[in-house]
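**Student:** Below you will find the structure I want to go over with you.
The values are calculated or read from the model by the stated rules, or taken from the named source; none is laboratory data. Please read all numbers here as calculations on a predicted model, not as lab measurements. Cβ atoms come from the backbone with ideal geometry, glycine included; neighbour counts cover every protein chain shown.
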Amino acid sequence: MSGWGASVFHARARYRTLILSAFCMACAVPLRAQAAPAVDASTVAPAEPASVAEGHDLVIRRDRGAKARLLALAAQETDPSAKAKLIYLLGNLPVKDLAPADFDAALADPDPGVRLAALLGLGRIPGTAAESRLVKALSDPNPGVRQGAAFWLGQAAHAGAAADLGRALTQDRNSDVRLAAAEALSRLGTTAARRELRRGANDPDPRVRRWAK
């Protein structure tokens with residue numbers, strides 16, 4: 001999904017790395033090198049779905065009705081991958097045009113890739129309404145989504161989430177989620193965040209311990 005951004009913002013490169021690893025966790029797709037024979041490009045690069053092509057064009061043209069149309073396209077889309085791309089495009093619209101509730105349907109979607117894509121938009125929206133949704137995503141059944149939620153809570157400087165990130169740091173069974181929580185707490189930098197971060201000093205994962213110490 002990393003090629004679907006229409007705007008550039010300070011966390012884009014970091015999120016591309018995160019979303020690749022987290023999307024693989026979300027969809028249970030292993031990363032593995034595979035040798036592929038030379039074949040016609042059309043067999044490995046099919047045309048994008050019509051809904052995604054339309055959505056991408058709306059964002060590129062900065063269409064004034066882009067948000068409403070993207071939400072409609074996502075609601076009608078049955079392919080999870082295409083829906084995730086539409087939600088990712090939605091999240092790249094100007095922040096002034098976005099509201100936390102725009103992503104509620106995606107956050108409730110059964111596909112973890114769609115839920116993960118929704119975090120981009122939420123991570124760009126300031127305020128407690130977006131923060132509360134990201135905090136709720138820390139309890140998502142999928143570790144990739146939980147990792148994304150922790151990342152955006154730190155990236156968006158949601159200081160009120162320090163205790164929730166602390167619980168993720170000490171209680172989540174997935175080491176990548178705990179690492180994301182530790183990084184987020186470090187980024188927050190508040191007294192409460194530093195206190196929570198020290199609780200990871202004895203984590204079994206050395207990456208987490210380095211952040212905590």
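**Student:** Considering only residues that are farther than 16 Å from R146 by Cα and crowded, with 19+ Cβ neighbours inside 10 Å, which ones fall in the range 104-119?
**Tutor:** Selection gives nothing.
**Student:** Could you please give the count of residues in the range 73-102 that are closer than 17 Å to R133 by Cα and either in a helix (DSSP H, G or I) or aromatic (F, W, Y) (or both)?
**Tutor:** Qualifying residue count, the range 73-102: 8.
**Student:** Let me ask something additional. Taking the range 49-94, which residues are over 16 Å from the mean Cα position of the chain (by Cα) and within 11 Å of G121 (Cα to Cα)?
**Tutor:** P94
**Student:** A follow-up question, please. What's the total number of residues in the range 173-204 that are modelled with pLDDT of 95 or more, under 23 Å from the mean Cα position of the chain (by Cα) and not in a helix (DSSP H, G or I)?
**Tutor:** Looking only at that region, the number is 2.
**Student:** Please give the number of the condition G148 fails out of (1) in a helix (DSSP H, G or I); (2) of a type outside the set (S, T, N, Q); (3) free of Cβ contacts under 8 Å to residues at least 40 places away in the same chain.
**Tutor:** Checking G148 against (1) in a helix (DSSP H, G or I); (2) of a type outside the set (S, T, N, Q); (3) free of Cβ contacts under 8 Å to residues at least 40 places away in the same chain, the one that fails is (3).
**Student:** Here is a follow-up. Among the residues of the range 113-145, write down those that are among the charged types (D, E, K, R) and over 22 Å from A74 (Cβ atoms).
**Tutor:** Once the filter is applied, which keeps residues that are among the charged types (D, E, K, R) and over 22 Å from A74 (Cβ atoms), the range 113-145 yields only E131.
**Student:** Taking the stated definitions as given, is R210 without any contact (Cβ under 8 Å) to a residue 24 or more places away in the chain, assigned to a helix (DSSP H, G or I) and surrounded by fewer than 20 Cβ atoms within 10 Å (Cβ to Cβ)?
**Tutor:** Judged against the criteria, R210 is a match.
**Student:** Yes or no: G113 in contact with an Asp or Glu (Cβ under 9 Å, 6 or more places away or on another chain) and under 30 Å from A66 (Cβ atoms)?
**Tutor:** For G113, the condition - in contact with an Asp or Glu (Cβ under 9 Å, 6 or more places away or on another chain) and under 30 Å from A66 (Cβ atoms) - is not met.
**Student:** Also, quick follow-up: Between A181, A106, A75, which is touching a residue at least 12 places away in the same chain (Cβ under 8 Å), in contact with a helix residue (DSSP H, G or I) (Cβ under 9 Å, 6 or more places away or on another chain) and over 28 Å from D63 (Cα atoms)?
**Tutor:** After ruling out the rest, the residue left standing is A181.
**Student:** Given the criterion aliphatic (A, V, I, L, M), surrounded by fewer than 20 Cβ atoms within 10 Å (Cβ to Cβ) and farther than 30 Å from T170 by Cβ, identify the matching residue among A129, A101.
**Tutor:** A101
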